[in-house]
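Asker: Here it is, the structure, as structure tokens.
The values are calculated or read from the model by the stated rules, or taken from the named source; none is laboratory data. The structure displayed is predicted, hence computed values, not measured ones. Here the Cβ is made from the backbone with ideal geometry for all residues, glycine too, and neighbour counts use every protein chain on show. Quick note on the areas: whole protein, heavy atoms, side chains included, nothing else; ligands and nucleic acids left out. Shrake-Rupley method; radii C 1.70, N 1.55, O 1.52, S 1.80 Å.
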Amino acid sequence: ARKRDGKNGMQIFDASMLDTARERHEIEQYIESGLREDWFEAYLQPIVSLSDGRIAGFEALMRLNHPEKGILPPAKIIGIAEETGTIALVGERMMEKAIHNLARISRLDGTQETYLAINFSPLQFEETLPHKLAALLLKHHIAPNRIVIEITEAVLMLDNPHIHAVLKQLSEFGCRIALDDFGTGYSSLSYLNRFPVDIVKVDQSFTRSLSTGTADVRRKSRMLIKGIRTISHQMGCTVVAEGIETQDQWELLRKLGLDYGQGFLFSKPMPIESMLQMLETNSEAKASNLA
Ligand code: C2E
Ligand code: MG
Ligand code: MG
Ligand code: MG
């Protein structure tokens, strides 16, 4: 049975009700209605420079905001969208929303400095993707080098020449490619060599491992992260740490030489309106400090 309303009316979808065919079917319908009724949103999470905490960019994270039932997170959407074939449309919608949001941020801060990272699943790499992305960037006056395409090893593991061609095209167009959840897969290191990867995103499990377990385990975690950082830098990649929740983790990752970070310590993913508000408050605070 469905809970009518969770705490504060949010997140009412829980794992126990999702395994049945009926729930699946319901989510399929939410996705289709979501596309039709414009329920998809690109939440934004800041990506900060670890040296000074300044915002360098934003990651766009999918949310399906049902007007009565609340927020459906990507974990519940993507698998089903991939199986039913709606993922290309959902992905396109996310691209539109995310780029529109970046344009709004640029209008607010008057700069073209921050970048936007968008997640892509393997089935989104259709031949038409570079053209569609280019058209959106043109429409919103955003340079291709402000866009980061986030993929996981799963995309590269498919070893599909067609996907590689699209990635290469996006890279030549000026977009950067980030390898997401790095360190959780099989042979991540060889991918740095074989594909045009610009950014390595160290999975949040590594960040967590810095502050859990015995002193020896934590020491080894630091060595692992340092190793990933060294290799990534030598391959010419920038390194981003995911899932930073504490000041200690930030401090350690900065000392270990990572470049950027994101996590709840800095900000949770937020709807665009809240993000604009936060950015405005920050810049007002800065202005009054200067005055
Ligand atoms: P990801 O790309 O690795 O995104 C990071 C996830 O970690 C996000 O979960 C984010 O909310 C969460 N996170 C950020 N900071 C912290 C932290 O400090 N602590 C913890 N515990 N979690 C943190 P979210 O938004 O639920 O997204 C989950 C995954 O869904 C993403 O992982 C990405 O693989 C996928 N995804 C999200 N949006 C899209 C999209 O538009 N398209 C596609 N194809 N996949 C997407
Ligand atoms: Mg990501
Ligand atoms: Mg990630
Ligand atoms: Mg992840």
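Asker: Name the residue that is least open to solvent (accessible area, probe 1.4 Å), counting only residues in region 135-152 that are over 15 Å from residue 117 (Cα atoms) and assigned to a helix (DSSP H, G or I).
Answerer: Applying the filter and picking the extreme gives 135.
Asker: Quick check, is residue 41 acidic (Asp, Glu), under 22 Å from the mean Cα position of the chain (by Cα), modelled with pLDDT of 95 or more and open to solvent by less than 40 Å² (accessible area, probe 1.4 Å)? Working first, answer last.
Answerer: On the way: acidic (Asp, Glu): yes; under 22 Å from the mean Cα position of the chain (by Cα): yes; modelled with pLDDT of 95 or more: yes; open to solvent by less than 40 Å² (accessible area, probe 1.4 Å): no.
When the stated conditions are applied, residue 41 does not pass them.
Asker: Quick check on residue 179: is it surrounded by fewer than 18 Cβ atoms within 10 Å (Cβ to Cβ) and in contact (Cβ under 8 Å) with a residue 24 or more places away in the chain?
Answerer: No.
Asker: Residue pairs, Cβ under 7 Å, 6 or more apart or interchain, first in region 52-63 and surrounded by fewer than 24 Cβ atoms within 10 Å (Cβ to Cβ), second of a type in the set (D, E, K, R). List them.
Answerer: 63/41
Asker: Just to be sure before I move on: is residue 102 open to solvent by less than 50 Å² (accessible area, probe 1.4 Å), among the aliphatic types (A, V, I, L, M), farther than 21 Å from residue 33 by Cβ and more than 16 Å from ligand 3 (Cβ to nearest atom) in the structure I sent? Lay out the reasoning, then the answer.
Answerer: On the way: open to solvent by less than 50 Å² (accessible area, probe 1.4 Å): yes; among the aliphatic types (A, V, I, L, M): yes; farther than 21 Å from residue 33 by Cβ: yes; more than 16 Å from ligand 3 (Cβ to nearest atom): yes.
Answer is yes for this residue.
Asker: Which of the residues spanning region 102-124 are away from ligand 1 (no atom under 12 Å from the Cβ) and either touching a His at 6+ places or on another chain (Cβ under 8 Å) or assigned to a helix (DSSP H, G or I) (or both)? Let's see the steps before the verdict.
Answerer: Within region 102-124, the subset away from ligand 1 (no atom under 12 Å from the Cβ) is 102-115.
Within region 102-124, 102, 103, 104, 105, 106, 107, 108, 109 meet the criteria.
Asker: While we're here: Given the options 253, 265, 258, 279, name the one that is of a type in the set (A, V, I, L, M, F, W, C), within 23 Å of residue 150 (Cα to Cα) and in a helix (DSSP H, G or I).
Answerer: 253
Asker: Any residue at all in region 114-129 that's over 25 Å from residue 77 (Cβ atoms) and either touching a Ser or Thr at 6+ places or on another chain (Cβ under 6 Å) or open to solvent by 50 Å² or more (accessible area, probe 1.4 Å) (or both)?
Answerer: no
Asker: In region 266-291, what count of residues is obtained for those that are of a type outside the set (A, V, I, L, M), open to solvent by less than 80 Å² (accessible area, probe 1.4 Å) and touching a residue at least 24 places away in the same chain (Cβ under 8 Å)?
Answerer: Within region 266-291, residues that are of a type outside the set (A, V, I, L, M), open to solvent by less than 80 Å² (accessible area, probe 1.4 Å) and touching a residue at least 24 places away in the same chain (Cβ under 8 Å) number 5.
Asker: Here's a follow-up. Looking only at region 166-207, count how many residues are within 12 Å of residue 148 (Cβ to Cβ), part of a helix (DSSP H, G or I) and of a type outside the set (A, V, I, L, M, F, W, C).
Answerer: Summing the residues that are within 12 Å of residue 148 (Cβ to Cβ), part of a helix (DSSP H, G or I) and of a type outside the set (A, V, I, L, M, F, W, C) in region 166-207 gives 1.
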